[in-house]
Amino acid sequence: MEPAAGGVQPAGRRPAVLGLLALLGSSLLLNALFLAHHFLSPSRSLLGNDGGSCGLSWALQAAREAEAVGAVDCSGHGQVFLDGVGGEDGRPGCECNACFAGPDCSIRTPNCTADADSGNPLFLEPYWRRHAVASAVVFSGWHRMSYTTTDGKFQSVELERQIRRLHGAVGNAVAGDKHLVFAAGSLQLINALVYALSPDADASPPARVVATVPYYPVYRIQTQMFDGREYRWSGSTSLWANASRNSTTDGDHGGFVEFVTSPNNPDGQLCKAVLGGSAAAIFDHAYYWPHFTHIPAPSDEDVMMFTMSKPSGHAGSRFGWALIRDENVAKKAYSYLQDNTMGASRDTQLRMLGVVKVMLANLHGEGDIFAFGHDVMRTRWRRLNAAVSRSRRISLQKMAPEYCTYFNRIREPSPAYAWVKCEREEDEDCQEALLKAKIITRTGVGNEASSRYTRISLLKSNDDFDVLMERVTDLVNAEKFDASSSM
Ligand SMILES: Cc1ncc(COP(=O)(O)O)c(C=O)c1O
């Protein structure tokens, strides 16, 4: 009969069992020694017998330089970059955030002006510091030197695949049945898509390019700058919404191309096309990601524009893409980009591949970039709202919590920008009024809105936002002082 597990052994069998145990013990010890030798032997240890090279050859020096630069302490208020200007010792020094100075950025500039102008998405920098290991990219001097990449294309086939996966996993766009066209930022796509959707110059009168107020001003600026024979800037949709527009060639124009920014820059609202019928629409979804808005459903428009600048924060890499249903429109946009720049930089495409993979690998987990981003942005929006709610001088756009399919719950608003209205009669120029309070904003005049409106960017670094909150609090507190002194 077998002894019960853990039961007492009969006395006569003890020596044999002890021998067996000794054999087992020494075998385990030998195995442990073998494993230790295998994994911790000098050739495999991180310190290594190759002078700490970890078996690396050409990548080692670059890796060391990158690590050395990343390790410099700028007091949490600045950064050292590999391509920074060399100091007396020949090494690049700290580049300080606004309102900080000194060799290690530890000196706070007193009573500093808050710069809330640009949409620089540095709120995501802490995320990438946390994911430094996964997002580092190393490449050789001979990496993709050619004009073309796999299959003679200008676009990385693998990056295309990962971007489609990202849209599928986030649920913000239907990408499966669309053509993907890469560009150097979505700024480059603006004119590429207007061109692709306009009729041929010799065949028709020009298309009218329009957008709804308050619109992203670059649509107007670029359309007027490129001044194509195929299209012309024709202002706000409100001028055309009730006009006859269903024919593509009703007399003096070759149809409409409408920009629809959703969520909108500057006011964060989800928008629909205003002109229906045969008007072509370009949906700019730069902010259609769960950090900035709830995602009610995947967007399935004929022409959609995306950028990596806002979802990952890598604005400096200059990478955007369009999802286009119609093959001919996609071909025309692609040929524009081919003639213009021969496509997006291959170095950038490699970096973006790493970035998208990190985003994908962390979705719904602890390192979810959208959860991180939403958390930062909704906290900023909440803090700004709390301060402005005490003001009778300025107000913000109204936003409500909404159900988001990505988070599978109702989420608080977290817009990229605050669209500020100056309420006092004398503050007709809102940008100017805020500048007097030491807050730099972007006037609503550029959006064809009134000068009573101005835009505050909420996307910048934590330091920028802290200074902004100080100045907004000063402004609101001064109102109380004004009221009590006039009593
Ligand atoms: C609505 C909108 N579209 C496009 C862009 C341009 O983005 P990119 O950095 O890809 O050129 C921006 C940048 O702020 C934007 O706000």
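The values are calculated or read from the model by the stated rules, or taken from the named source; none is laboratory data. As the structure is a computational prediction, the values presented were derived from the model and not from experiment. Cβ sites come from the backbone with ideal geometry, for glycine too, and all protein chains shown count toward neighbours.
Quick notes on this one:
- Selection of the range 334-348 for residues being within 30 Å of Pro126 (Cα to Cα) and either within 14 Å of the ligand (Cβ to nearest atom) or part of a strand (DSSP E or B) (or both) yields Ala344, Ser345, Thr348.
To keep it simple, each residue is scored yes or no on (1) closer than 16 Å to Asp117 by Cα; (2) in a helix (DSSP H, G or I); (3) in contact with a Ser or Thr (Cβ under 8 Å, 6 or more places away or on another chain).
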{"site": "Lys421", "(1), (2), (3)": "yes, no, yes"}
{"site": "Ala449", "(1), (2), (3)": "no, no, no"}
{"site": "Arg455", "(1), (2), (3)": "yes, no, yes"}
{"site": "Lys460", "(1), (2), (3)": "yes, no, yes"}
{"site": "Asp466", "(1), (2), (3)": "yes, yes, no"}
{"site": "Ala478", "(1), (2), (3)": "no, yes, no"}
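- Among the criteria (1) surrounded by fewer than 16 Cβ atoms within 10 Å (Cβ to Cβ); (2) within 16 Å of the ligand (Cβ to nearest atom); (3) assigned to a helix (DSSP H, G or I), the one Phe123 does not fulfil is (1).
- Exclusive hit being under 26 Å from the mean Cα position of the chain (by Cα), surrounded by 14 or more Cβ atoms within 10 Å (Cβ to Cβ) and in a loop (DSSP other than H, G, I, E, B), set Cys112, Cys74: Cys74
- Enumeration of residues in the range 444-475 that are surrounded by fewer than 18 Cβ atoms within 10 Å (Cβ to Cβ) and either of a type in the set (Val, Ile, Thr) or over 20 Å from Arg390 (Cα atoms) (or both): Val445, Glu448, Ser450, Ser451, Asn462, Thr473
- The single condition among (1) over 30 Å from Gly168 (Cβ atoms); (2) among the aliphatic types (A, V, I, L, M); (3) at pLDDT 95 or above; (4) surrounded by fewer than 18 Cβ atoms within 10 Å (Cβ to Cβ) that Ile410 does not satisfy is (1).
- Residue satisfying all of: in the range 168-211; touching an Asp or Glu at 6+ places or on another chain (Cβ under 6 Å) and touching a residue at least 60 places away in the same chain (Cβ under 8 Å); farthest from Ser345 (Cα to Cα) among these: Val210
- Residues that are in a helix (DSSP H, G or I), among the hydroxyl-bearing types (Ser, Thr, Tyr) and touching a Lys or Arg at 6+ places or on another chain (Cβ under 9 Å), drawn from the range 206-242: Thr223
- Candidates Ala68, Ala134, Ala63, filtered to the one that is in contact with a helix residue (DSSP H, G or I) (Cβ under 9 Å, 6 or more places away or on another chain) and in a helix (DSSP H, G or I): Ala134
- Inter-residue pairs, beta-carbon under 6 Å, first more than 10 Å from Gly78 (Cα to Cα) and in the range 91-103, second surrounded by 17 or more Cβ atoms within 10 Å (Cβ to Cβ), 6+ apart: Pro92/Val80; Cys99/Val467
- As for the range 411-418, it holds no residue that is touching a residue at least 40 places away in the same chain (Cβ under 8 Å), in a loop (DSSP other than H, G, I, E, B) and of a type in the set (Asp, Glu).
- Which numbered condition Gln162 misses (of (1) at pLDDT 95 or above; (2) away from the ligand (no atom under 16 Å from the Cβ); (3) in a strand (DSSP E or B)): (3)
- Search result, residues across the range 364-386 that are in a helix (DSSP H, G or I), within 16 Å of Leu124 (Cα to Cα) and of a type in the set (Gly, Ala, Ser): Ala371, Gly373
- Within the range 137-159, considering residues that are touching a helix residue (DSSP H, G or I) at 6+ places or on another chain (Cβ under 9 Å) and part of a helix (DSSP H, G or I), the one farthest from Arg351 (Cα to Cα): Asp151
- Of all residues in the range 200-228 being among the small types (Gly, Ala, Ser) and away from the ligand (no atom under 13 Å from the Cβ), the one that is surrounded by the most Cβ atoms within 10 Å (Cβ to Cβ): Ala207
- Every residue from the range 245-263 that is away from the ligand (no atom under 16 Å from the Cβ) and at pLDDT 80 or above: Gly255, Phe256
- Beta carbons closer than 7 Å, at least 6 apart along the sequence or on distinct chains, pair a first residue in the range 214-225 that is in contact (Cβ under 8 Å) with a residue 12 or more places away in the chain with a second that is among the β-branched types (Val, Ile, Thr) and in a helix (DSSP H, G or I) for Val218/Ile190; Tyr219/Ile190; Gln222/Ile190; Thr223/Val194.
- Residue match in the range 389-406 (condition: modelled with pLDDT of 95 or more, more than 15 Å from Pro290 (Cα to Cα) and assigned to a helix (DSSP H, G or I)): no
- Meets criteria (free of Cβ contacts under 8 Å to residues at least 24 places away in the same chain and either more than 10 Å from the ligand (Cβ to nearest atom) or under 24 Å from Tyr147 (Cα atoms) (or both)) for Ser278: no
- Scanning the range 178-199 for residues that are hydrophobic (A, V, I, L, M, F, W, C) and within 16 Å of the ligand (Cβ to nearest atom) yields Leu180, Val181, Phe182, Ala183, Ala184, Leu187, Leu189, Ile190, Ala192, Leu193, Val194.
- Condition check for Ala361 on (1) among the hydrophobic types (A, V, I, L, M, F, W, C); (2) surrounded by fewer than 17 Cβ atoms within 10 Å (Cβ to Cβ); (3) assigned to a strand (DSSP E or B): one failure, at (3).
- Selection status of Ala203, part of a loop (DSSP other than H, G, I, E, B) and among the hydrophobic types (A, V, I, L, M, F, W, C): yes
- Test for Trp289: is it in contact (Cβ under 8 Å) with a residue 12 or more places away in the chain, outside any strand (DSSP E or B), within 16 Å of the ligand (Cβ to nearest atom) and among the aromatic types (Phe, Trp, Tyr): yes
- For the range 298-333, a residue qualifies if it is within 9 Å of the ligand (Cβ to nearest atom) and part of a strand (DSSP E or B), and the qualifying residues are Met305, Phe306, Thr307, Gly320.
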